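Quick notes on the structure that follows.
Taken together, the values in this text are just the output of simple stated rules run on the coordinates, not laboratory data. All figures in this text were calculated on a predicted structure; none of them were measured in a lab. Counting neighbours? That spans all protein chains shown, and the Cβs are built from the backbone with ideal geometry, glycine included.
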Amino acid sequence: MNVIIIEDEKPAARRLARLLSEQQIEVSTMLHSVDESIEWFQNNPHPDLIFLDIQLSDGLSFEIFDVVEVKSAIIFTTAYD
């Protein structure tokens, strides 16, 4: 399974990756911003699953969907209220 994490807080992203690794799920990519994610999706095959924070350093992650048609399952992992 190809899994990526989109999370601007690097310690939180690393912790999530460790938790997934304990379940034998390896994370192939960690992205940290809307802009970085858009560029990545435009240049890479879409993963099977995305763990996605809502509030990123440069905007809301929903902005990614305004530019790119994401064809992956998404699990929102956020403290955003």
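Quick notes on this one:
- With the simple spin-label model, which puts each label point 7 Å out from Cα in the Cβ direction, the Asn43 to Val68 separation comes to 1.1 nm.
- Loop-located GluC sites (Glu not before Pro) in region 14-81 (DSSP state other than H, G, I, E, B) with a sparse environment of at most 16 neighbouring Cβ atoms within 10 Å: Glu26, Glu69.
- Fraction of beta bridges assigned by DSSP in region 3-76 that are antiparallel (%, nearest 5): 15 percent
- Euclidean distance of C-alpha centroids, region 4-19 and region 46-60, integer Å: 11 Å
- For the chain, the Cβ-based charge dipole about the Cα centre amounts to some 380 debye (Lys, Arg positive; Asp, Glu negative; other atoms uncharged).
- Region 3-76: C-alpha pair distances exceeding 21 Å, %: 18 percent
- Karplus (6.51, -1.76, 1.60) ³J(HN,Hα), θ = phi - 60°, over region 33-38, in Hz, Gly and Pro reported as x: 7, 4, 4, 4, 5, 4
- Averaging the sequence gap over all C-alpha pairs within less than 8 Å and six or more residues apart, then dividing by the number of residues, gives the chain a relative contact order of 34 percent.
- Among Asp66, Asp8, Asp53, Asp48, the ranking by other beta carbons within 10 Å of each residue's beta carbon, starting with the fewest, stands as Asp66, Asp48, Asp8, Asp53.
- Entry note, the chain: the mean residue ellipticity at 222 nm calculated from DSSP H runs of n ≥ 4, each adding -39500 (n - 2.57), is -10500 deg cm²/dmol after division by the residues and rounding to the nearest 500.
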